[in-house]
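The values are calculated or read from the model by the stated rules, or taken from the named source; none is laboratory data. On a predicted model such as this, the values are computed, not experimentally measured, just so you know. Glycine gets a Cβ as well: all are built from the backbone with ideal geometry, and neighbour counts include every protein chain shown.
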Amino acid sequence: MAEESSRTDALIARARADAPVLLATALVAGVTLVAGLNPWSVLAFVLVMTVAVFWPRSERVQDLPVEHQEETERDENALHQVSATLAALDIPAMVLSDDAAVQFQNRAAERAFGEAVLGAHISSLLRSPGILDMVRETIATNAANQIEHSERLPSERVYIVRICPVDIPQGMNDGETQRLFVLSFRDISELRRIDRMRSDFVANASHELRTPLASLRGFIETIQGPAKSDHKAQERFLAIMLDQATRMSRLVDDLLSLSRLELKSHIAPDAKVDLVPLLEHVRDSLLPLAEDVGVEIELHLPEGKAEVTGDRDELHEVFENLIENACKYGQEGQKVDVYVKTVPGDPVEVSVVDKGPGIAAEHVPRLTERFYRVSVEDSRSKKGTGLGLAIVKHILTRHRARLIVKSELGKGTEFTVRF
Ligand code: ADP
């Protein structure tokens, strides 16, 4: 098909080139006809002229001069060499010619920026002035360059965009090279996100420790100074100081727990754990707290075992956190139900249900973030650190289990662990 159409193109091109000859033939034919000559001889004359124009002539079949053709072949060869390598990369990359036209884009680039029209200027695909300036400069100076470029849509992404000239050696001729430009995009969005999370975490952790520390210091100074001989005040202050010190050690324990979990997050636990005795144990350990806040914990356990693959201590921590939260935050519902579902063929599920005030929908996706609390005051007054659900999520990720949160304002909350 392609060959046929190029032949037609060649014929059209020749007809265009020989248009004056054809025109002159038509003119002569017209004049002789008007002059009253034999129409058959006029027709024969027109036929001979047309065949003469379209008769294959070797120098005309070639569209391009020979040296130009060789040049094109060399260009294509260079492009082929670079493209073959870039096609294997999983980072977006493109090849540009020295007039900034896109000659090739790999699959990753297609996915990230859409399909480029080959041969079109790079600005038809990427509109960032920063990238376009850099491309222009590199083509002019031949020096590699890179910039940071961020995109907001369809999702927030940050790239290090680099352009580098590549000289491809040409055939046998010593020193002859073909110059192309490789534009590549290194996605650093995830690195940035982790960086931000780390600095947020350090800021949050120091803030959480600084508050009780400042309060401890204040009380020590008061006991040393104005309340030096006020034993009653000292007793009151010492009780608050003990509270603050306990809060700090809870926080340090939770932080250590998180970092321990992070260290082994890639190793899946392999022991068999029966959730029935485990949940009974958690319930017993939380009885004093439940009594304190006036909540009854009811377990709905299956007849037999509810076995999962996991780490007993870590799963204990998960259910202790969830049931403790249900008692503390769902206090007004006065009842916490724990359901264990073991349907053969289905994943084991444990649901902790309270009838408390519930959690507004906008908070639900963020509950497992470190230090995220619906109300900081409420959490502090209930001895929370804001790390409980982050720990739960870490443990469950290691167990290849999921945490599903359903909550309705005014009706209560359900935390389900699906193994
Ligand atoms: P905290 O130490 O503050 O309890 P968590 O990570 O355990 O931290 O919980 C994060 C936040 O999620 C809590 O501060 C609370 O606002 C909310 N939360 C957790 N469980 C419940 C629940 N059962 N009902 C209502 N809110 C809850």
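Here are a few things to note about the model shown:
- Residue within region 355-371 that is over 29 Å from residue 255 (Cβ atoms), in contact (Cβ under 8 Å) with a residue 40 or more places away in the chain, in a strand (DSSP E or B) and more than 8 Å from the ligand (Cβ to nearest atom) present: no
- The number of residues in region 281-326 being away from the ligand (no atom under 16 Å from the Cβ), buried (at least 22 other Cβ atoms within 10 Å of the Cβ) and either over 20 Å from residue 396 (Cβ atoms) or over 42 Å from the mean Cα position of the chain (by Cα) (or both) comes to 0.
- The set of residues from region 372-419 being closer than 18 Å to residue 353 by Cα, near the ligand (Cβ under 9 Å from one of its atoms), surrounded by fewer than 17 Cβ atoms within 10 Å (Cβ to Cβ) and small (Gly, Ala, Ser) is empty.
- Every listed requirement among (1) modelled with pLDDT of 95 or more; (2) more than 8 Å from the ligand (Cβ to nearest atom); (3) buried (at least 19 other Cβ atoms within 10 Å of the Cβ) is met by residue 352 save one, (2).
- Summed over region 327-349, the residues that are of a type in the set (A, V, I, L, M) and near the ligand (Cβ under 10 Å from one of its atoms) give a count of 1.
- Here is the figure for region 328-354: residues that are in a loop (DSSP other than H, G, I, E, B) and under 35 Å from the mean Cα position of the chain (by Cα) total 4.
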